Amino acid sequence: MAIITPTVRPLQPPPGSSINFGAQVDGLDLENLTDDQFAAVRNALYQHHVVVFKNQSKLSPKAQYELTKRFDPAADNYGHGKTLDAKRSILHPDLKTIPHQPQVQVIGNGFVPSYEGLENIQLKHPHHRTFHKDHIPDDKDYDFTRFYRWHIDAALYDLYPPMVTTLLAVEVPKGRRQTLLYDDGSDETLDVPLGTTAFVSGENMFDLLSEEDKEFVKTSKVEYAPHPYIWMSQAHSLSTGLGLHSEGLELPESDLPPIDEKKIMKFPMVWKNPVTGKLALQIHPSAVRKIHCADGVVIDDLATVREIVYKMQRPAISPQHVYAHDWEEGDLVLFNNRGVIHSVVGAFKPDEVRLFRQCNLAASEAPIGA
Ligand SMILES: [Fe+2]
């Protein structure tokens, strides 16, 4: 029997871009991956962080789940676990699960009459208007957009951040592009396809730091708020989607579900790549609550915590560092959830139908630091 080895081709950055991650992988049947082929895919993921497979429209939800699980066979949970059930969580309205493969969620925009056992579903692409403190005027909404929310896919309470997320584009509206505005006093903009997913490399984010900051992030930890997506549900995002304004709108602990101190997550600021050993600055900027420094000092003033994190993350989301994937139907994208942060982008009209399948599983182990 012929042995099929995949081809791995690094993505070509567009003019002016300095991205050094992303690859397209061809030549594999993802429904029937051998162990050697999977090892090559895993290697590609940790070398390139965002891995694109073309023409995967026929991939079954089961195969998507099994591929996701293969990165962490001991993982046996949903990416966000039960936190999704909380009605007040800001993640709740955006996700629907496939009845016969409940670890796989359907996300997107518009009305879908029938898909994989789901009937008459109404999807809504997140719009920055619902999350940012201010928004692009309605009459410019067709042409301009923002990063909605930079994040790691993770519950950040009780559960460890998933190793990988798999995203399949089932239906993609054609043609339109938008100009993404940073609106933060810089004049930075980015030309993006409608509904792109934006990625930046946590390794690049680390590499851009000063030597002093590198030392700081290698020896410090971040603590996340308990039930972070409920805690932040009344707060407003910065215009860059990279964290929140500090206006005292976070819910007090007395208004949160019961808190088990043991379930509060505290992680290193940098996470080590299990294949290359490189370090990535990996912080969820909206959910962060405290910083624990090497000398035992705990920075718990929320505005200060956010300022420190923002200053370190902001350089790496400048346009030349962003990979904005131009989705085509059948694209399956795997991303290293412990080596990139990503954001939803785009403003859809109600009749622009976008249908995606997403899967990630809470990991069996915590991230490893420097
Ligand atoms: Fe995500």
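List of remarks:
- Flag for Asn109 being away from the ligand (no atom under 14 Å from the Cβ) and surrounded by 14 or more Cβ atoms within 10 Å (Cβ to Cβ): yes
Rundown of residues vs (1) within 16 Å of the ligand (Cβ to nearest atom); (2) of a type in the set (Phe, Trp, Tyr); (3) part of a strand (DSSP E or B); (4) touching a His at 6+ places or on another chain (Cβ under 6 Å), yes/no style:
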position	(1), (2), (3), (4)
Ser114	no, no, yes, no
Glu119	no, no, yes, no
Gln122	no, no, yes, no
Pro126	yes, no, no, no
Arg129	no, no, no, yes
Ile136	no, no, no, no
Asp139	no, no, no, no
Arg149	yes, no, no, no
Asp153	yes, no, no, no
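- Residue in the stretch 202-211 that is within 16 Å of the ligand (Cβ to nearest atom), at pLDDT 95 or above and crowded, with 16+ Cβ neighbours inside 10 Å present: yes
- Between Leu168, Leu209, the distinction of being part of a strand (DSSP E or B) and either aliphatic (A, V, I, L, M) or over 17 Å from Pro367 (Cβ atoms) (or both) belongs to Leu168 only.
- Only a single criterion out of (1) closer than 17 Å to Tyr65 by Cα; (2) within 16 Å of the ligand (Cβ to nearest atom) is not satisfied by Ser364, namely (2).
- Of the residues contained in the stretch 346-355, one or more are found to be over 13 Å from the mean Cα position of the chain (by Cα), on the phi > 0 side of the Ramachandran plot and either within 15 Å of the ligand (Cβ to nearest atom) or of a type in the set (A, V, I, L, M) (or both).
- Filter result for Ser343 (of a type in the set (S, T, N, Q), closer than 30 Å to Ala40 by Cβ and touching a His at 6+ places or on another chain (Cβ under 9 Å)): yes
- Yes/no for Ala198 being touching a strand residue (DSSP E or B) at 6+ places or on another chain (Cβ under 7 Å), assigned to a strand (DSSP E or B), within 16 Å of the ligand (Cβ to nearest atom) and closer than 29 Å to Asp134 by Cβ: yes
Condition check ((1) among the polar types (S, T, N, Q); (2) touching a helix residue (DSSP H, G or I) at 6+ places or on another chain (Cβ under 9 Å); (3) farther than 20 Å from Ala169 by Cα; (4) modelled with pLDDT of 95 or more) across all residues:
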site: Thr34; (1), (2), (3), (4): yes, no, yes, yes
site: Val41; (1), (2), (3), (4): no, yes, no, yes
site: His92; (1), (2), (3), (4): no, yes, yes, no
site: Lys96; (1), (2), (3), (4): no, no, no, no
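The values are calculated or read from the model by the stated rules, or taken from the named source; none is laboratory data. It should be emphasised that the depicted structure is a prediction, and the values quoted were computed from it without experimental measurement. Every residue, glycine as well, gets a Cβ built from its backbone with ideal geometry; the counts of neighbours run over all protein chains shown.
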